[in-house]
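One structure is given here, and the rest of the page talks about it.
The values are calculated or read from the model by the stated rules, or taken from the named source; none is laboratory data. In this text, all values refer to a predicted model and were calculated from it rather than measured experimentally. Please note: Cβ atoms are built from the backbone with ideal geometry, for glycine as well, and neighbour counts cover all protein chains shown. With ligands, DNA and RNA removed, areas are computed over all heavy atoms of the protein, side chains included. Shrake-Rupley method; radii C 1.70, N 1.55, O 1.52, S 1.80 Å.
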Amino acid sequence: MRIIFLLFLLMSFNSAVAQDTLKWLSVGFNTQAYKGDLGDKYSKWTGGLYTSLQFKTQKKWNGSVNLIIGNVTGQDLNPVFNVSPESGRQPNTYFSNSFVAAYYQVHWNVYLRSRLRVFLGQGIGLMRYNAEDEQGVSLANQTNTRAANESAGNIALLLPTSIGTAYRFKNNFGVSYKFTLLNTATDYLDNISQLGGVTGGDNVLAHQVSLLVPIYF
């Protein structure tokens, strides 16, 4: 009887605080694709992990701290490079890039009901990445794959833009889907910049599906 009473109190407390103090720990997976000199379309999708901590989810505006661990890859067997044969430069035609991206994002909940919300998001953060060749060797130190005196970094600024939706069940758990363009401020995800034939920087498009776990504190 005491156990039933304690469970009743816990459920009542859970319902009472839900609207004011609900935060969500989002845990799920990512699929992402790259666009750049070795792939002009978001076509090669790879998997990854996604997590975030979302604050004040029942307000018109709310924030979230996000983390993505993933990989992007690209290959072009007939690329167009801005390089002459006598230069001795040999740009890579394949790359695989493992990355970690962390960012803070503000959400505008354009449609907000007790259980469903649809939102737009804009954020800022950083990405750490490492482009490798077919043998798994880092391309950053292979200077002949880039233009003379051109160095490739491994950290980039992000300005991620998102659109998504989240649904909360009666027990305050939920599910979410988010579509995010990471908007990377780098042209070196594929290790190719000046020698490439595509204008503009590299970018990553991500689909994020996650379980929302309620947190009260």
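In the full protein context, region 56-180 carries 53 Å² of accessible surface per residue, based on a 1.4 Å probe and ignoring ligands, DNA and RNA.
Can you pull the percent of the chain's accessible area that's carbon plus sulfur, 1.4 Å probe, other chains left in place? Whole-percent figure for carbon plus sulfur exposure: 64. What you get for the chain, charging only the Cβ of Lys and Arg (+1) and of Asp and Glu (-1), is a dipole of about 1680 debye around the Cα centre.
The Rg/Rh ratio of the chain, with Rg taken over Cα atoms and Rh as the Kirkwood radius over Cα pairs, comes to 1.14. Each of Ser151 and Asp133 was given a label point 7 Å from its Cα along the Cα-to-Cβ line. The distance between the two points is 2.1 nm. Every pair of different Cα atoms in region 142-217 enters the Kirkwood calculation, which places the hydrodynamic radius at 15.4 Å.
The mean of 1/r over all pairs of different alpha-carbon atoms in region 122-182, once inverted, gives a Kirkwood hydrodynamic radius of 15.2 Å.
The angle between the Cα long axis of helix 2-21 and the longest principal axis of the Cα atoms of the chain comes to about 60 degrees, rounded to the nearest 10.
Ligands, DNA and RNA aside, Val213 has an accessible area near 40 Å² when probed at 1.4 Å.
Summing charges over neighbours of Ala140, with a neighbour being any other residue whose Cβ is under 14 Å away from its Cβ, gives -3 when K and R count +1 and D and E count -1.
So, counting K/R as plus one and D/E as minus one, what does the shell of residues with Cβ under 11 Å around Arg115 add up to?
Cβ neighbours under 11 Å give a net charge of +4.
Using a Debye calculation, one point per C-alpha and no hydration shell, please list log10 I(q)/I(0) for region 92-145 at q = 0.18, 0.31 Å⁻¹ in order. Log10 of I(q)/I(0), two decimals: -0.70, -1.11. If you average the alpha carbon positions of region 67-146 and of region 164-210, how far apart do those two centres end up, in angstrom? Taking the Cα centre of region 164-210 as reference, the centre of region 67-146 is 10 Å away. Modelled spin labels at Ser114 and Gln90, positioned 7 Å past Cα toward Cβ, are 6.7 nm from each other. Considering only Gly136, Ile192, Thr161, and ranking their Cα positions along the charge dipole of the chain that arises from unit charges at the beta-carbon of Lys, Arg, Asp and Glu, the one farthest toward the positive end is Thr161.
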